[in-house]
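Rule-based calculations on the coordinates, nothing more; no lab input. These numbers were taken from a predicted model, which means no experiment stands behind them. Here Cβ is always computed from backbone atoms with ideal geometry, including for glycine, and neighbour counts include all displayed protein chains.
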Amino acid sequence: MVDVRVREETMTGREIESWLLPGLPDEMTARELLRLRLDAGGGPATGEQVEAACAAFARNGFVMIVGERQVDDLDEVIDLTRAAAVSFIRLVPLVGG
């Protein structure tokens with residue numbers, strides 16, 4: 001079991017919020033981490049919220065960084081023993097683009 005710091009950040013690296021998620025299993029999928037992040041931000045996430053977050057990930061609305069590496073697939077299994085922090089970075093589209 002590991003404790004992981006989950007952070008929400010701006011593109012410049014400024015922390016918006018962070019949560020400590022204690023007692024997580026050593027491995028879990030990126031999708032499960034995303035659901036836990038949603039739960040940490042305001043209670044248990046609904047299926048609709050999880051689906052909306054997964055869709056935002058698919059259209060590059062945000063990126064997930066685990067340790068020093070960007071996650072490309074929500075079904076990827078993450079080794080949390082090697083990740084002190086998981087960062088969610090919101091991406092802002094260019095005006096008119």
Run Leu20 past the list (1) surrounded by 14 or more Cβ atoms within 10 Å (Cβ to Cβ); (2) out of contact with any Gly (no Cβ under 9 Å at 6 or more places or on another chain); (3) not in a loop (DSSP other than H, G, I, E, B) and report the number of the one that doesn't hold. (1)
Identify, please: which residue in the range 33-56 is of a type in the set (D, E, K, R) and within 13 Å of the chain's Cα centre (by Cα) and is, among those, nearest to Gly67 (Cα to Cα)? Arg37
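Residue under question is Leu34, and the condition is that it be in contact (Cβ under 8 Å) with a residue 60 or more places away in the chain and of a type outside the set (Gly, Ala, Ser); does it hold?
Details: in contact (Cβ under 8 Å) with a residue 60 or more places away in the chain: no; of a type outside the set (Gly, Ala, Ser): yes.
No; evaluated as a whole, the condition is false for this residue.
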Looking only at residues that are part of a strand (DSSP E or B) and touching an Asp or Glu at 6+ places or on another chain (Cβ under 8 Å) in the range 41-79, which one is farthest from Leu20 (Cα to Cα)? Val77
Return only the number of the condition from (1) surrounded by 14 or more Cβ atoms within 10 Å (Cβ to Cβ); (2) part of a helix (DSSP H, G or I) that Phe88 does not satisfy. (2)
